[in-house]
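The values are calculated or read from the model by the stated rules, or taken from the named source; none is laboratory data. A quick note: this is a predicted structure, and the numbers were derived from the prediction, not measured. We place every Cβ from the backbone using ideal geometry, glycine too, and count neighbours over all the protein chains shown. SASA here: full protein model, heavy atoms, side chains in, ligands and nucleic acids out. Shrake-Rupley method; radii C 1.70, N 1.55, O 1.52, S 1.80 Å.
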Amino acid sequence: MSVLVNKNTRLLVQGYTGAQGTFHATQSINYGTTVVGGVTPGKGGTKHLDRPVFNTVADCVKETGANASVIFVPPPFAADSIMEAADAGVALIVCITEGIPVRDMIAVKQFLKDKNVRLIGPNCPGIITPNECRIGIMPGHIFKPGNIGVVSRSGTLTYEAVGQLSALGIGQSTCIGIGGDPIIGTTHLDAIQLLNADPDTHAIIMVGEIGGNNEEIAAAWIKDNVTKPVIGFIAGQTAPEGRRMGHAGAIVAGGSGKAEDKMAAMTAAGITVCATPAEIGQKVKERLGL
Amino acid sequence: MKIHEYQGKAILARYGVPVPKGKVAFTVEEAEAAARELGGFVVVKAQIHAGGRGKGGGVKVVKTVEDAVAAAQKILGMQLVTHQTGPQGQKVGRLLVEEALPIEKELYLGITLDRASGKNVFMASSEGGMEIEEVAHHTPEKILKEVIEPGIGLSGYQARKLAFGIGIPAASVNAAAKAMIALAKAYDEIDCSLAEINPFILLKDGRVMALDAKINIDDNAMFRHPEFAELRDLAEEDPLEVEASKFSLNYIKLDGNIACMVNGAGLAMATMDIVKYAGGEPANFLDVGGGANEEQIKNAFRILLSDAAVKAVFINIFGGILRCDILATGVVNAARELGISVPIVIRMEGTNVAEGKKILAESGFNFGVADGMKDGAEQVVRAAQ
């Protein structure tokens, strides 16, 4: 089993005919994901990558039965695209776009509040259930089916952890890149609750970074609710205060969001906290007694 | 993007936040003219982005035009050192000359994002003029908070609650509430990522005013505010960071001697961490991005190598979309074109790693090729010694 996405996921692509949309839709199709079509306003009625293009998400959902959407739309229009997908009732919305203004995401968060949809991202690499469904921009070939759930704010650190696991012969159930922005749809806590409830996920890797306190919130819940092994890492231990480290959300400000506070909270919750990302795979192996 | 106090005040004034009368001065002559116009009893304030200017000697209250000129001569051009500038300080290129005002009470107003709720929060405190982090640490009960409801803004009742709560006398509460609502509106409309008025002052005559203004604008929202582009002060930024920004490279200069070139913000941070863990000091944060091309890699290399402190370079790439062979070609070409004077350690993993390693091995350069991140960090730390 897995969480959120599997071989029954029917994916639509917003920003389908753009360069990023085309490239990554192709990668997902080659990976075996069921991509049912896409949306580019004004190009409805045409075909792209052998699949239908629609003017609106609502049309696409009606015609194709899509139940997930991935968004490759430029930052000024991405918030609108998320709301369009939510309004069309798409159950899982994955927004890859980096650079959406915080003000727009405040509006999106309000908009989503009373709708039964889940947003992953924005500014995230997506989500993958190995050999079943790839949504986003992750390099599919490094993943291997198995029983480790991964949740991470960073794309390349996800690949780093997964690369180590796969090299050790340890596969993954589902890997969720939750994104590096200050306001995101699915938090560490949300992802960990899902992975904890999945019987085929036997251990969880939680990768965080400086900024905000979502890792602390997740750690508090893990302490009381999770018996599966959790292995963690926090990036940005040497980052200077007051500087944004690449991700819009990766900033230590006013003394909050520090790596050391997150690591202390995670350690207190019984999480195995790795000093460097180089040891994530090995620690998983040890915790599982492999 | 950070902007100067005088720029922030000008924006806030447009929204109806009362600010003192004042003028920006780039020269002593301009400062003199401003002081004369304002009647001589003025405050001369250094305009740099860092806080703590008063303690560093960057703010002077003077009674006459002559004293204002003396203060301007002293402050303009000085290397102002504050707790936020680092020991090298920041050169002062602009002054704000402002009317001096009889202060009754110093208060604090601020707005920031609460990530968990996804809403902005308005904060007010009776403890103005101090570092708000200190207040939050020692006397958190002295910081009052109201959630700003998206689409509604700060409501009148919330503003009055805050104003009464921080001890503003009844006669001034309406003016203070009006200023707070105006600040919240400005914050929303100009896409702030931080706004702080510290101190927000109550005058002897009962008026209220923003005596300082720290405004940061969300970089991601700059496309909505093309008029703000001119508010950027390049003199406040590190020259290498300015150069890197021209090539869409995410570069932050640090104090160490091991340059890092990485793809992805998370891995870039983790690379700095592992360099430190191996006993070295990172010279920078650099995320070349997931889809870096050869040109970007070359420019990244050039920028890294122009930092005189750099003794070795650590290239750490997990090739996902960015293929290792493309990276290797970029590095080899850059090394050929720029000439390399320091040891380079490369750790590559992921897509086309074998081809990438072959290109490096056949390049004729003596790159250190690492087996894993930890080995790479250890190698580069040794190389830098």
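Remarks
- Within the listed set B:92, B:42, B:288, the Gaussian network model of chain B (springs between alpha-carbon atoms below 10 Å) gives the highest mean-square fluctuation for B:288.
- The dipole here belongs to the stretch A:177-290: it is taken about the Cα centre, uses +1 on the Cβ of Lys and Arg and -1 on the Cβ of Asp and Glu, and is about 200 debye.
- Positive-end extreme of charge dipole, the protein assembly as shown - chosen from B:138, B:8, B:153 (charges on Cβ): B:153
- Dipole of the protein assembly as shown computed with +1 at Lys/Arg Cβ and -1 at Asp/Glu Cβ about the Cα centre; of B:81, A:175, B:100, farthest Cα towards the positive end is A:175.
- Shielded by partner chains, the stretch B:228-261 residues - at least 50 Å² of accessible area, 1.4 Å probe, vs chain alone: B:252
- Whole-angstrom Cα spans of chain A along principal axes, big to small: 55, 42, 31
- For the protein assembly as shown, accessible area per residue (1.4 Å probe, heavy atoms of protein chains only), Å²: 39 Å²
- Options A:97, A:218, A:203, ranked by Cα towards positive dipole end of the stretch A:93-247, top entry (Cβ charges): A:97
- Translational D in µm²/s for the stretch A:41-170 (Stokes-Einstein at 37 °C, 0.692 mPa s, Kirkwood Rh from C-alpha pairs): 204 µm²/s
- For the stretch B:1-40 versus the stretch B:80-119, the gap between their alpha-carbon centres in whole angstrom: 14 Å
- Simple Cβ-charge dipole of the stretch B:110-153, Lys/Arg +1 and Asp/Glu -1, about Cα centre, in debye nearest 20: 200 debye
- The residues of the stretch A:212-243 listed by number as losing at least 50 Å² of accessible area in the complex, against the isolated chain and with a 1.4 Å probe, are A:238, A:243.
- Computed from the C-beta positions of residue B:21 and residue B:306 and an R0 of 60 Å, the FRET efficiency is 0.85 to the nearest 0.05.
- Taking the Cα centre of chain B as origin and assigning +1 to Lys and Arg Cβ atoms and -1 to Asp and Glu Cβ atoms, the resulting dipole is close to 520 debye.
- Taking every DSSP bridge with both residues inside chain B, close to 75 percent are antiparallel.
- Stokes-Einstein D (µm²/s) once Rh is taken as the Kirkwood radius of the stretch B:256-385 over alpha-carbon pairs, at 4 °C in 1.567 mPa s: 93 µm²/s
- Pairs exceeding a 18 Å alpha-carbon distance, out of A:115/A:223; B:119/B:145; A:228/A:285; B:9/B:246: A:115/A:223; B:9/B:246.
- Over 15 Å [Cα-Cα, the stretch B:166-214], rounded percent: 47 percent
- For residue A:273, the residues whose modelled amide H falls within less than 5 Å of its own, excluding neighbours fewer than 5 places apart on the same chain, are A:232.
- Close Lys-Lys pairs in the stretch B:51-112, where close means Cα under 17 Å and separation is 8 or more or interchain: 6
- Cα-based helix-to-principal-axis angle, A:214-225 vs chain A, degrees rounded to 10: 70 degrees
- The interface between chain A and chain B buries about 3800 Å² of solvent-accessible area in total (1.4 Å probe, ligands and nucleic acids excluded).
- With R₀ fixed at 51 Å, the C-beta to C-beta distance from residue B:340 to residue B:170 puts the FRET efficiency at about 0.15.
- Centre separation in Å (Cα based) which lies between the stretch B:320-376 and the stretch A:95-136: 34 Å
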